[in-house]
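Asker: Quick one: this structure, given as structure tokens, is what I'll be asking you about.
The values are calculated or read from the model by the stated rules, or taken from the named source; none is laboratory data. Keep in mind the model is a prediction, meaning the values are calculated, not measured. Neighbour counts run over all protein chains shown; Cβ positions are idealised from the backbone, glycine included. Remember, those area values only see protein heavy atoms, side chains included, never the ligands or the DNA or RNA. Shrake-Rupley method; radii C 1.70, N 1.55, O 1.52, S 1.80 Å.
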Amino acid sequence: MLLQVRDLIKTFPGDERPVDVLRGVSFDLEAGVTLALTGESGSGKSTLLHLVAGLDEADGGQILFDGADVAAMNDRKRAKLRRRDVGVVFQQFNLVPSLDVAANVALQARLAGRHSPEADARLIERLGLVDHRAKYPEQLSGGQQQRVAIGRALAGRPRLVLADEPTGNLDEETGARVLDLMLELVTDASAALLMVTHSKRLAARLERRLHLAHGRVATRIERRAAE
Ligand SMILES: Nc1ncnc2c1ncn2[C@@H]1O[C@H](COP(=O)(O)OP(=O)(O)OP(=O)(O)O)[C@@H](O)[C@H]1O
Ligand SMILES: [Mg+2]
């Protein structure tokens with residue numbers, strides 16, 4: 001099992017009393033499988049994704065990657081895992097403004113010591129960014145910027161891609177195209193995908209669905225019957 005989330009608890013300090021956002025969330029994600037995370041605004045989707053990405057710490061429970069407890073790793077090992085095995089795509093594209101398209105795509109793979117100019121060139125071509133490779137983020141449209149962010153997440157050949165409403169800032173048609181491309185690249189790379197979305201329609205494109213409500217997993221719709 002690639003990812004095992006066990007009884008995850010996260011509480012934020014509120015104005016009057018603490019807010020229990022995650023009250024014991026558990027799920028598994030198999031290698032190479034795509035999973036959509038849905039739930040109302042405020043249900044804790046981004047919080048859960050941040051915990052899995054290691055951008056925040058849980059107050060209880062465990063996150064196991066390949067059977068290893070991420071919290072029990074030393075900082076070096078955890079940092080290595082994040083750089084090599086996890087790619088992240090956010091709603092706001094979070095590109096480095098001072099780097100051009102090619103350098104943004106290469107960034108994480110370089111940090112992970114896995115940079116391959118040939119693989120990057122293929123990726124940039126598949127992302128439709130050949131004519132934009134020397135441009136800077138501010139010179140790109142939203143859809144182009146998000147394709148760069150997807151390229152950056154995938155260039156290091158991660159085993160898990162985490163995406164938080166990756167098409168949330170794009171118009172419907174552009175969003176649908178960007179999602180198609182991301183699913184295609186994730187599938188080709190045999191990576192697993194955990195994607196937060198508000199949209200039932202987009203969620204339906206992924207193999208599995210997980211719905212958060214009241215701090216817990218509400219329903220778990222398993223793989224589509226067709227598979
Ligand atoms: N750093 C923080 N400090 C305090 N409260 C927080 C923090 N981050 C999130 N929260 C609270 O936790 C709850 C869940 O937030 P989260 O961002 O995970 O929701 P979400 O499901 O991603 O919502 P949306 O669909 O609107 O993006 C909200 O009530 C939010 O106010
Ligand atoms: Mg969110």
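Asker: Per the 1.4 Å probe, what fraction of the accessible area of the chain, in percent, lies on carbon and sulfur atoms? All intermediate terms of the calculation are to be shown ahead of the outcome.
Answerer: Details: 5350 of 11430 Å².
Roughly 47 percent of what the probe reaches on the chain is carbon or sulfur.
Asker: Would you mind checking the tilt of helix 172-188 against the longest principal axis of the Cα atoms of the chain, expressed as 0 to 90 degrees and rounded to 10?
Answerer: Once rounded, the angle reads 90 degrees.
Asker: List the residues whose amide H sits under 5 Å from the amide H of Asp66, counting only those 5 or more places along or on another chain, with H placed 1.01 Å from N in the peptide plane.
Answerer: It is Leu3, Gln4, by chain and number.
Asker: Taking just the alpha carbons, could you work out the radius of gyration and Dmax for region 3-226, both in angstroms?
Answerer: Calculated on Cα positions, Rg and Dmax stand at 17.3, 55 Å.
Asker: Counting Lys and Arg as +1 and Asp and Glu as -1, what is the net charge of the other residues whose Cβ lies under 12 Å from the Cβ of Asp188?
Answerer: On the way: positive: Arg122, Arg126, Arg157; negative: Glu184.
Surrounding charge for Asp188 is +2.
Asker: Moving on to the next point. Can you give me the relative contact order of region 1-125 as a percent, contacts being Cα pairs under 8 Å and 6 or more apart?
Answerer: Numbers: 138 pairs, mean separation 29.2, N = 125.
RCO, region 1-125: 23 percent.
Asker: Return a single number: how many Lys pairs in the chain, at a sequence separation of 8 or more or on separate chains, have alpha-carbon atoms below 30 angstrom apart. Write out the running numbers ahead of the final one.
Answerer: Values: Lys10/Lys45; Lys10/Lys77; Lys10/Lys80; Lys10/Lys200; Lys45/Lys77; Lys45/Lys80; Lys45/Lys200; Lys80/Lys135.
Step by step, the pairs that qualify in the chain add up to 8.
Asker: In addition: For region 1-60, state which trypsin sites (Lys or Arg not before Pro) are in a DSSP loop and have at most 14 other beta carbons lying within 10 Å of their beta carbon. Spell out each step's value before the answer.
Answerer: Details: sites: Arg6, Lys10, Arg23, Lys45; in loops: none.
Qualifying residues, ordered by number: none.
Asker: May I ask you to derive the relative contact order of region 56-187, considering only C-alpha pairs under 8 Å and at least 6 residues apart, and to give it as an integer percent? It would help to have the intermediate numbers written out before the result.
Answerer: Numbers: 165 pairs, mean separation 42.5, N = 132.
After rounding, I find 32 percent.
Asker: For the chain, take the longest principal axis of its alpha carbons; what is the angle in degrees between that and the long axis of helix 75-85, to the nearest 10 within 0 to 90?
Answerer: 60 degrees
Asker: Excluding Ser116 itself, what net charge comes from residues whose Cβ is under 13 Å from its Cβ, given Lys and Arg +1 and Asp and Glu -1? Write out the running numbers ahead of the final one.
Answerer: Details: positive: Arg110, Arg114, Arg122, Arg157; negative: Glu118, Asp120.
Here the count lands on +2.
Asker: Please give the net charge around Gln62, taking every other residue with its beta carbon less than 11 angstrom from that of Gln62, where Lys and Arg add +1 and Asp and Glu add -1.
Answerer: Details: positive: Arg6; negative: Asp7, Asp69.
Result for the neighbourhood of Gln62: -1.
Asker: Provide the per residue accessible area, probe 1.4 Å, for the chain, rounded to a whole number of square angstrom.
Answerer: Numbers: 11430 Å² over 227 residues.
Spelled out: the 1.4 Å probe surface of the chain, per residue, equals 50 Å².
Asker: Something else: ³J(HN,Hα) across region 127-142 via Karplus (A = 6.51, B = -1.76, C = 1.60, θ = phi - 60°), whole Hz, x for Gly/Pro?
Answerer: Going residue by residue, I get 7, x, 10, 4, 6, 10, 5, 9, 7, 9, x, 5, 8, 10, 6, x Hz, with x marking Gly and Pro.
Asker: A further question on this structure: Using amide H atoms built 1.01 Å from N in the peptide plane, name the residues 5+ places from Leu212, or on other chains, whose amide H lies under 5 Å from its own.
Answerer: Thr38, Gly39, Ala218
Asker: Quote the relative contact order of the chain in percent (integer), defining contacts as alpha-carbon pairs under 8 Å separated by 6+ residues.
Answerer: Values: 437 pairs, mean separation 65.5, N = 227.
Value for the chain: 29 percent.
Asker: Which of Arg83, Arg201, Arg177 moves the most in a Gaussian network model of the chain with Cα springs under 10 Å?
Answerer: In the Gaussian network model the winner is Arg201.
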